[in-house]
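The values are calculated or read from the model by the stated rules, or taken from the named source; none is laboratory data. Everything quoted here is computed from the prediction, not taken from an experiment. Cβ placement follows ideal geometry from the backbone for every residue including glycine, while neighbour counts extend to all protein chains displayed.
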Amino acid sequence: MTNRTCWRAGFLLGVVGLMAGFRPTTGPPLTSSAQTHSLDTIPAPARFGFGRPATTAELTRLDIDVRPDGKGLPAGAGTAERGKAIFATKCATCHGVGGTGGLGGALVTTTMTTTGVAGKRPEKTIGNYWPYATTVFDYVRRAMPFNEPGSLTDEEVYHLTAYLLHANGIIDEKATITAQTLPTVVMPAQTLFIPDDRRGGSEIR
Amino acid sequence: MKKVNRRTWLSGAATAAVAIAQTATAKAVQVGVPIDQLWADDPTKQPGGAPPGQVGTRSPFEKLVKNPSDISSRTPLQDLHGILTPSDLHFERHHNGVPAIDPAKHELLIHGMVDKPLVVTLADLKRFPSVSHIAFLECSGNFRTGKETLSPQDICGLTSQSEWTGVSLATLFREVGVRPGASWFLAEGGDAALMTRSIPVQKGWDDAIIAYAQNGEALRPEQGYPVRLFLPGWEGNTSVKWLRRIELGDAPWQTREETSKYTEAVGDGKIRQFSFDIDARSIITFPAYPAPVQRGWIEIRGLAWSGRGTIERVEISTDAGKSWQVATLQQPVLDKAHTRFRLLWHWNGDETEIMSRAVDSTGYVQPTYRQLLDARGGNSGYHMNPITAWQIKRDGRVLHRPEIR
């Protein structure tokens, strides 16, 4: 055996040892076939140690998402009456008076948006198309108003959410929307949604 | 033709040269051409003007432009060759503009159902092992019809292809220690829309890339600079740009983009959700509107792609769908990638329609518009991938054949 092949053999043993010693401590929930199809097959340690731990302050500042079960909703409360005034000031320019339509689209279901114009699709509104009420809070807080995103306080977002749900006839005018009540609101469109059923192959879906 | 030697040129003694021109009746005649015109047009008669430069430029004769609207911009598919889209011609779709991000200030947070919530910078990402994938990226709303004067760019210019380079998301999943039970992750962009989509964790283990490069250089701002998610074969909006946060969880978040936006009616009042895969599709990019053709030999060329695997076969009809021939696939034929197809056709000058249909590695056959409507209760919306036909007129004009409801 030459020195070179010795070195190679040693190197290979080293790699195998490295692999054995650095198996992930928390195994990914994978089938074996999925693992073999993984994109990066280069032998690697379980952890590289790059980057830095996230701080609690960072998580609080950045983690603003809200799920249908209410996870992520902040403290606060809103009513349709208060929301109506905010909507008129900050939203009606794009969504029309009462949210019935404009450059930014209709948000509120009306006779027009339900039946539509002949030959034209009915507009998708919160009342006829949105499956979860929590999405209203999440989206308004992260992305609205379009020209000044992220400028609303949590309280304002609660008011607007209450207003939009009431304008669509989903909640009572006097209802208060909070982190506890919002996830319990049942949206008219919720039962309409089905998961993707396309699978490739010979079927057209 | 009168001979003009270099000495005569340089002396300026010749005031005119003689060239052969054709009259309207195709009779060749000699015409005088002023000497300064010949001089200006002959690049062999003077040193090249442009010195070596820091960046290359496109020839001023090539007018390659995207076709922008308020929210998107389309790739000029009919003007391109090969399978790679020049980065500056990659289609765009934004949900509230292109943010100006300083890469030194940009961080990616990974948290939620993980052992070690982590913050990585662009520099950190580049230290991890890198992977590359040549793959298409297509917007699920990539379909237009309705008039004859539509080009491939107009009909389906919201698809482009690049080599994407970055870190396998599986590598980062191992780094943070994704917990058993985490089934979805939320990807959030750092744009004014704080664009968010919920993605099944399995896609992250399979082939997702946290991409920082496109075609060998840093991402373009329009493509998510400095870092984006790239999900091969999936509808474009899930490849969240300007990526700033990944959160692991045990259920989808039901964000606006995956409920009220990128979902489609499929009949019986039902709405299809989380329709990630791009179904197989093809388009003939030559002949295509607006370029006219001449009778004789024509190489029919185009692109085919599938989000579910490779292109198995492309069939072409030159008789309005009555019969089909198998086209030649140009190598390389890659997974979830634009694939070139070609077929030589001798056009005899008769009016006809030409069209292509793709078959992918799952056996899926690109449907007609009618088949799609029938399968979806008459609804048109996202994920429309119909066979597209071009009318060839007797005078050589090529026009889109609009779909009929």
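Can you go through B:GLU163, B:GLU107, B:GLU188 and tell me which one is within 28 Å of B:ARG308 (Cα to Cα) and at the interface with chain A (Cβ under 9 Å from one of its Cβ atoms)? After ruling out the rest, the residue left standing is B:GLU188.
State whether one or more residues within segment B:196-205 are in contact (Cβ under 8 Å) with a residue 60 or more places away in the chain and in a helix (DSSP H, G or I). Within segment B:196-205 (the criterion being in contact (Cβ under 8 Å) with a residue 60 or more places away in the chain and in a helix (DSSP H, G or I)), the answer is yes, since at least one residue qualifies.
Of all residue pairs spaced 6 or more apart or on separate chains, those with beta-carbon atoms under 7 Å, a first member in segment B:48-72 that is aliphatic (A, V, I, L, M) and a second member that is part of a loop (DSSP other than H, G, I, E, B) and surrounded by 10 or more Cβ atoms within 10 Å (Cβ to Cβ) are B:LEU64/B:ARG58; B:LEU64/B:PRO76; B:VAL65/B:PRO76; B:ILE71/B:HIS94. For segment B:134-152, a residue qualifies if it is within 22 Å of B:GLU217 (Cβ to Cβ) and either of a type in the set (Phe, Trp, Tyr) or surrounded by fewer than 22 Cβ atoms within 10 Å (Cβ to Cβ) (or both), and the qualifying residues are B:ILE134, B:PHE136.
Tallying residues that are more than 9 Å from every other protein chain (Cβ to nearest Cβ), of a type in the set (A, V, I, L, M, F, W, C) and surrounded by fewer than 23 Cβ atoms within 10 Å (Cβ to Cβ) within segment B:191-221 yields 2.
Checked across segment A:31-54, the condition of being exposed (fewer than 14 other Cβ atoms within 10 Å of the Cβ), closer than 30 Å to A:LEU152 by Cβ and either of a type in the set (A, V, I, L, M) or modelled with pLDDT of 95 or more (or both) holds for no residue. Could you go through segment B:323-333 and let me know if any residue there is more than 26 Å from B:PHE230 (Cα to Cα), surrounded by 20 or more Cβ atoms within 10 Å (Cβ to Cβ) and of a type in the set (S, T, N, Q). No - not one qualifying residue is present in segment B:323-333.
Listed by first and then second residue, the pairs with beta-carbon distance under 8 Å, at least 6 apart or on different chains, first residue in segment B:227-253 and at positive phi, second of a type in the set (Ser, Thr, Tyr), are B:GLY233/B:SER306; B:TRP242/B:TYR225. Which of the residues that make up segment A:145-170 are surrounded by 23 or more Cβ atoms within 10 Å (Cβ to Cβ) and hydrophobic (A, V, I, L, M, F, W, C)? Listed by number, the residues that qualify are A:VAL157, A:LEU160, A:ALA162, A:LEU164, A:LEU165, A:ALA167.
Among the residues of segment A:141-152, none is identified as over 24 Å from A:VAL186 (Cβ atoms), in contact (Cβ under 8 Å) with a residue 40 or more places away in the chain and either assigned to a helix (DSSP H, G or I) or polar (S, T, N, Q) (or both). Of everything in segment A:176-205 that is in a strand (DSSP E or B) and either touching a residue at least 24 places away in the same chain (Cβ under 8 Å) or more than 27 Å from B:ALA358 (Cα to Cα) (or both), the residue that is farthest from the other protein chains (Cβ to nearest Cβ) is A:THR176. Take the conditions (1) in a loop (DSSP other than H, G, I, E, B); (2) more than 30 Å from B:LEU84 (Cβ to Cβ); B:ILE110 misses just one of them, which is (1).
Note on segment B:253-281: residues that are out of contact with any helix residue (DSSP H, G or I) (no Cβ under 7 Å at 6 or more places or on another chain) and either within 7 Å of chain A (Cβ to nearest Cβ) or not acidic (Asp, Glu) (or both) total 13. Taking B:ARG340, is it among the charged types (D, E, K, R), at pLDDT 95 or above and either out of contact with any helix residue (DSSP H, G or I) (no Cβ under 6 Å at 6 or more places or on another chain) or not assigned by TED's automatic domain parsing to the domain that holds B:PRO86 (or both)? In short, yes. B:ASP191 satisfies every condition listed in (1) part of a loop (DSSP other than H, G, I, E, B); (2) of a type in the set (Asp, Glu); (3) within 20 Å of the chain's Cα centre (by Cα) except (3). Report whether or not A:PRO68 is surrounded by 15 or more Cβ atoms within 10 Å (Cβ to Cβ), at pLDDT below 50 and out of contact with any Cys (no Cβ under 6 Å at 6 or more places or on another chain). Taking the combined requirement at face value, the residue does not satisfy it. Looking across B:ILE316, B:ILE311, B:ILE283, one residue alone is closer than 15 Å to B:PHE136 by Cβ, at pLDDT 95 or above and more than 15 Å from the chain's Cα centre (by Cα). It is B:ILE311.
Within the set B:HIS111, B:HIS81, B:HIS94, the sole residue that is farther than 30 Å from A:THR55 by Cα and in contact (Cβ under 8 Å) with a residue 40 or more places away in the chain turns out to be B:HIS94.
Scanning segment A:151-205 for residues that are of a type in the set (Asp, Glu) and under 29 Å from B:VAL266 (Cα atoms) gives A:ASP196, A:ASP197, A:GLU203.
Hey, could you check segment B:254-273 for residues that are free of Cβ contacts under 8 Å to residues at least 60 places away in the same chain and part of a loop (DSSP other than H, G, I, E, B) and say which is surrounded by the fewest Cβ atoms within 10 Å (Cβ to Cβ)? Selected residue: B:GLY269.
I want to confirm something. Restricting to segment B:240-253 and keeping residues that are surrounded by fewer than 24 Cβ atoms within 10 Å (Cβ to Cβ) and assigned to a loop (DSSP other than H, G, I, E, B), which single residue is farthest from the chain's Cα centre (by Cα)? Step by step, filter segment B:240-253, then rank; the result is B:ASP250.
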